[in-house]
Amino acid sequence: MKEAAIQLFSAFLGSMGYCLLFHLRSQLLLPAALGSVLNWGVYLLLEPRLGSAFYACLIASAAAALYAEMMAKRLRAPATLFLVPSVMPSIPGGSLFYAMSSAVRGQWAEARAFGFRTAEYALAIAAGISLVWAVYGMAQQMIRAIKQRKQGR
């Protein structure tokens, strides 16, 4: 439990630092950084239960994308301002580093294993975000069409 709290706090601080580095408006700092806590919290909950880092990362990224869309609508800002900091904890920087380090040393089997893990995480992040964007976009179009029909257009 203590380790999870430290990880969640680290996710928050890392995303907050990213937001500050890119001069995110002050009223958007807290909501943007809280998205990373949601993302990493979902991952920490699901990874041991699912036994798959891929599916846990996919669902966590989908949760972050949904959170970003909701915050964007509520705070009237682009969803990207919330999405990018929210998925920061999921980015496979460590496995990419180890893949490149192994490749430079000529340890190809190890480089391949870490490279596969990096690609797996990246694919899970992209698929989770894309899934939410597709469903959310279709839902928005359906809502617009219903509103237009009610107005008699």
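For segment 109-127, a residue qualifies if it is of a type in the set (Lys, Arg) and under 13 Å from Gly94 (Cα atoms), and exactly one does: Arg117.
Yes or no: segment 46-57 includes at least one residue that is out of contact with any helix residue (DSSP H, G or I) (no Cβ under 9 Å at 6 or more places or on another chain) and open to solvent by 30 Å² or more (accessible area, probe 1.4 Å).
Filtering segment 46-57 down to residues out of contact with any helix residue (DSSP H, G or I) (no Cβ under 9 Å at 6 or more places or on another chain) leaves 51.
Restricting the remaining residues to those that are open to solvent by 30 Å² or more (accessible area, probe 1.4 Å) gives 51.
Yes: segment 46-57 contains one or more residues that are out of contact with any helix residue (DSSP H, G or I) (no Cβ under 9 Å at 6 or more places or on another chain) and open to solvent by 30 Å² or more (accessible area, probe 1.4 Å).
Of all residues in segment 58-71, those that are in contact with a Phe, Trp or Tyr (Cβ under 6 Å, 6 or more places away or on another chain) and open to solvent by 10 Å² or more (accessible area, probe 1.4 Å) total 2.
Each row is one residue, and each column tells you yes or no for (1) touching a Leu at 6+ places or on another chain (Cβ under 8 Å); (2) free of Cβ contacts under 8 Å to residues at least 60 places away in the same chain.
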position	(1), (2)
Phe54	yes, no
Ala68	yes, yes
Arg76	no, yes
Met88	no, no
Pro92	no, yes
Ala103	no, yes
Gln107	no, yes
Thr118	yes, yes
Tyr121	no, no
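Screening Leu75 against (1) open to solvent by 60 Å² or more (accessible area, probe 1.4 Å); (2) more than 20 Å from the chain's Cα centre (by Cα) leaves a single unmet condition, (2).
For segment 18-45, the set of residues classified as surrounded by 15 or more Cβ atoms within 10 Å (Cβ to Cβ), among the hydroxyl-bearing types (Ser, Thr, Tyr) and farther than 9 Å from Ser86 by Cα consists of Tyr18, Tyr43, listed by residue number.
Take segment 19-43 and flag every residue that is within 15 Å of the chain's Cα centre (by Cα) and over 26 Å from Ala134 (Cβ atoms). Please lay out each step first, then the result.
We begin by selecting, within segment 19-43, every residue within 15 Å of the chain's Cα centre (by Cα); these are 19, 31-43.
Within segment 19-43, Cys19, Ala33 qualify.
The values are calculated or read from the model by the stated rules, or taken from the named source; none is laboratory data. Predicted model only: the values in this text are computed from it and were never measured. Positions of Cβ are backbone-derived with ideal geometry, glycine not excepted, and every protein chain shown enters the neighbour counts. We work out accessible area using only protein heavy atoms, side chains counted, and drop any ligands, DNA or RNA first. Shrake-Rupley method; radii C 1.70, N 1.55, O 1.52, S 1.80 Å.
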